[in-house]
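Before any comments, here is the structure.
The values are calculated or read from the model by the stated rules, or taken from the named source; none is laboratory data. What you see is a predicted model; the values in this text were computed from it and never measured. Virtual Cβ from ideal backbone geometry, glycine too; neighbours counted across all protein chains shown. When the accessible area is computed, the model is the full protein with side chains, heavy atoms only, and any ligands, DNA or RNA have been set aside. Shrake-Rupley method; radii C 1.70, N 1.55, O 1.52, S 1.80 Å.
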Amino acid sequence: MLVTAPHSASAAPARQRYRVAIIGGGPAGCACALALAQLGVHEVIVIEAGDYTQFRIGESIPPEANRLFQALGIARDFFAEAHAPCHGSCSYWGSEKRGYNDALMNPLGHGWHLERTRFNQFLARQARLRGAEVLMHASLAASAPVPGGGHGLELALGAPGSLRQASIHADLVVDASGTRAVFARQRGSRKVDSLPLVCLAMRFAPPAGGGGHADTGLTHLEAVEHGWWYGAHLPDATLLLAFYGDAATVKAQRLQQVGHWLAWLAAAPNTAALARGMVPLAGGVQSFPAPSYCLDQLHGEGWLAIGDAASAYDPVTSQGIVKALANGMAAAGAVAGQSTLGDVAHTVTQRYGQYLAQRRQYYSWEQRWPDAPFWRQLHAGAEAPAAQVRASGPVPAR
Ligand SMILES: Cc1cc2nc3c(=O)[nH]c(=O)nc-3n(C[C@H](O)[C@H](O)[C@H](O)COP(=O)(O)OP(=O)(O)OC[C@H]3O[C@@H](n4cnc5c(N)ncnc54)[C@H](O)[C@@H]3O)c2cc1C
């Protein structure tokens, strides 16, 4: 087992040959490594370009995550991490009336507001403790099938910003590289997009001496004419507020500028109330693409894409992390022979169809601005077949 210290430059891989190489050490990759260890599959390497110190967005997880933590054998350690409980959502969606979705009656308990960087560090640590090699500062540069029709794939790894390269052989590759889908795209896969959004986020801290808006333990949503606002109190007592809209509006309104962003916040009174008395953190407005897509080809000879590499969901569903964990577990099952790579790919495609239906339904509940370009685009398309929709995230209440 190779233990790479945080912040260090990339170490060399401990071996030259691996049973499984997982590209990307986010929730999908780490869950896959954990589940492989449970199934007795060893010689597993997780290749991670970063070092788990950068701020990551994506912090609300639904109660369903608790079941996945149990299945992965990490529930007790996760609870000890003391992230902030999320008891449901509070939304202004479809009318000015406040609605609630409460986790009180949920047999799986409450969800969580994560300190996301710490959560990713935790998953990588757990994967290492179960025997996986987690190689940080190592990025997949190139890949190719073994020449001459041999078994497996050759991978060239590079350390970002360094000329040093290493090459390894893997019997099987799991692409868990997030929206870069780096390995799958090297194999020719293409993303089939569905209305990407842009997220513009700012973080706030309580004023010195205390005060500010008290944590409600709820995820906050507020629909506005050109998109919607999201708010969550994080375990470190900061408040994250984010506006989601389409790229054209964001650019035309110059919402990346703090002054413009704050003016739009002021026009969303329920969200603005959360920030009252709070102090903006340095760093200004951070912009994140929030794509929605599925790959046209999710697996091939000796490889499979999972998590956001395979399909990405609109953050309104808050399903991205549980999808990543569940995909990681399913991929491990296929590697261990409990199913096939094709079975996992089929499930990913099927779930993507259900997600699209769920997304259309959520957006159809807001009809106050039918002529606004944002809502017109999201209302376009067929009505969601209700039977396919299973809601468990911070669902807009109605
Ligand atoms: C604005 C926004 C808000 C969101 N909010 C939520 C939310 O509230 N709740 C929720 O559940 N989901 C949310 N999501 C989605 C969620 O963050 C993702 O679905 C989830 O992180 C997917 O996990 P993953 O492991 O598949 O990918 P990632 O978490 O993206 O991990 C991929 C990893 O691969 C690494 N990598 C990339 N390229 C390479 C390479 N070439 N070589 C090696 N490593 C590489 C990256 O460094 C990264 O660590 C949000 C997403 C966005 C964009």
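Does at least one position in region 68-81 carry a residue that is in contact with a strand residue (DSSP E or B) (Cβ under 9 Å, 6 or more places away or on another chain), open to solvent by less than 10 Å² (accessible area, probe 1.4 Å) and part of a loop (DSSP other than H, G, I, E, B)? No, because not a single residue in region 68-81 is in contact with a strand residue (DSSP E or B) (Cβ under 9 Å, 6 or more places away or on another chain), open to solvent by less than 10 Å² (accessible area, probe 1.4 Å) and part of a loop (DSSP other than H, G, I, E, B). Screening Ala11 on (1) open to solvent by 40 Å² or more (accessible area, probe 1.4 Å); (2) modelled with pLDDT under 95; (3) within 16 Å of the ligand (Cβ to nearest atom) shows it passes everything except condition (1). If you check Ile47, Ile57 for being open to solvent by less than 20 Å² (accessible area, probe 1.4 Å), within 14 Å of the ligand (Cβ to nearest atom) and β-branched (Val, Ile, Thr), only one passes: Ile47. Of the residues making up region 120-148, those that are assigned to a loop (DSSP other than H, G, I, E, B), open to solvent by less than 20 Å² (accessible area, probe 1.4 Å) and within 11 Å of the ligand (Cβ to nearest atom) are Met136, Ala138. Gly88 - would you say it is within 16 Å of the ligand (Cβ to nearest atom), at positive phi and not β-branched (Val, Ile, Thr)? Here the answer is yes, as Gly88 does meet what is asked.
The selection criterion, being of a type in the set (Val, Ile, Thr), at pLDDT 95 or above and within 21 Å of Leu39 (Cα to Cα), does not hold for Thr349. Residue check: Gly99 meets all listed conditions (1) surrounded by fewer than 23 Cβ atoms within 10 Å (Cβ to Cβ); (2) touching a strand residue (DSSP E or B) at 6+ places or on another chain (Cβ under 8 Å); (3) closer than 24 Å to Ile45 by Cβ but one, namely (3). For region 32-44, filtered to residues that are out of contact with any strand residue (DSSP E or B) (no Cβ under 8 Å at 6 or more places or on another chain) and open to solvent by 10 Å² or more (accessible area, probe 1.4 Å), the residue that is farthest from the ligand (Cβ to nearest atom) is Gly40.
Within region 338-350, residues that are open to solvent by 50 Å² or more (accessible area, probe 1.4 Å) sit with their Cβ atoms under 8 Å from residues that are part of a loop (DSSP other than H, G, I, E, B), at 6+ positions apart or across chains, in these pairs: Gln338/Leu39; Thr349/Leu298.
Of the numbered criteria (1) in a helix (DSSP H, G or I); (2) among the polar types (S, T, N, Q); (3) open to solvent by 40 Å² or more (accessible area, probe 1.4 Å), the one Thr117 fails is (3). If I ask for residues that are in contact with a His (Cβ under 9 Å, 6 or more places away or on another chain) and under 22 Å from Ala11 (Cβ atoms), which ones from region 138-160 would you list? Once the filter is applied, which keeps residues that are in contact with a His (Cβ under 9 Å, 6 or more places away or on another chain) and under 22 Å from Ala11 (Cβ atoms), region 138-160 yields Leu153, Glu154, Leu155, Ala159, Pro160. Checking every residue in region 82-101 against the condition of being in contact with a Cys (Cβ under 9 Å, 6 or more places away or on another chain) and assigned to a loop (DSSP other than H, G, I, E, B) gives at least one match.
Here the condition is being of a type outside the set (Asp, Glu) and under 26 Å from Ala282 (Cβ atoms); of Thr219, Thr179, it holds for Thr219 alone. Looking across region 211-228, the residues that are open to solvent by less than 20 Å² (accessible area, probe 1.4 Å) and either under 15 Å from Tyr92 (Cα atoms) or not in a loop (DSSP other than H, G, I, E, B) (or both) come down to Thr219, His220, Leu221, Glu222, Ala223, Gly227, Trp228. Each residue in region 351-379 was checked for being open to solvent by 50 Å² or more (accessible area, probe 1.4 Å) and not aromatic (Phe, Trp, Tyr), and 10 of them qualify.
Among the criteria (1) surrounded by fewer than 22 Cβ atoms within 10 Å (Cβ to Cβ); (2) within 13 Å of the ligand (Cβ to nearest atom); (3) part of a helix (DSSP H, G or I), the one Gly29 does not fulfil is (1).
Just to check your reading of the model, which residue among Ala332, Ala309 is over 13 Å from Thr179 (Cα atoms) and either touching a residue at least 40 places away in the same chain (Cβ under 8 Å) or part of a loop (DSSP other than H, G, I, E, B) (or both)? Break it down into steps so the answer makes sense when it comes.
Numbers: Ala309 fails: over 13 Å from Thr179 (Cα atoms).
Going through Ala332, Ala309 in turn, just one is over 13 Å from Thr179 (Cα atoms) and either touching a residue at least 40 places away in the same chain (Cβ under 8 Å) or part of a loop (DSSP other than H, G, I, E, B) (or both): Ala332.
Name the single residue, out of those in region 282-306 being of a type in the set (A, V, I, L, M) and either under 30 Å from Arg187 (Cβ atoms) or surrounded by 15 or more Cβ atoms within 10 Å (Cβ to Cβ) (or both), that is nearest to the ligand (Cβ to nearest atom). Explain how you work it out, then say what you get.
To start, the set of residues in region 282-306 that are of a type in the set (A, V, I, L, M) comprises 282, 285, 290, 295, 298, 304-306.
Those still in the list that are either under 30 Å from Arg187 (Cβ atoms) or surrounded by 15 or more Cβ atoms within 10 Å (Cβ to Cβ) (or both) too: 285, 290, 295, 298, 304-306.
Working: Val285: 13, Ala290: 4, Leu295: 12, Leu298: 13, Leu304: 13, Ala305: 9, Ile306: 7 Å.
My answer is Ala290.
Can you spot a residue in region 229-248 that is open to solvent by 20 Å² or more (accessible area, probe 1.4 Å), in contact (Cβ under 8 Å) with a residue 60 or more places away in the chain and assigned to a helix (DSSP H, G or I)? Yes, the conditions are met somewhere in region 229-248. Of the set (1) closer than 21 Å to Ala176 by Cα; (2) modelled with pLDDT of 95 or more, all apply to Val3 but (2).
The set of residues from region 155-204 being at pLDDT 95 or above, of a type in the set (Gly, Ala, Ser) and either under 15 Å from Gly307 (Cβ atoms) or open to solvent by 30 Å² or more (accessible area, probe 1.4 Å) (or both) comprises Ala176, Ser177, Gly178, Ala181, Ala184, Gly188, Ser189.
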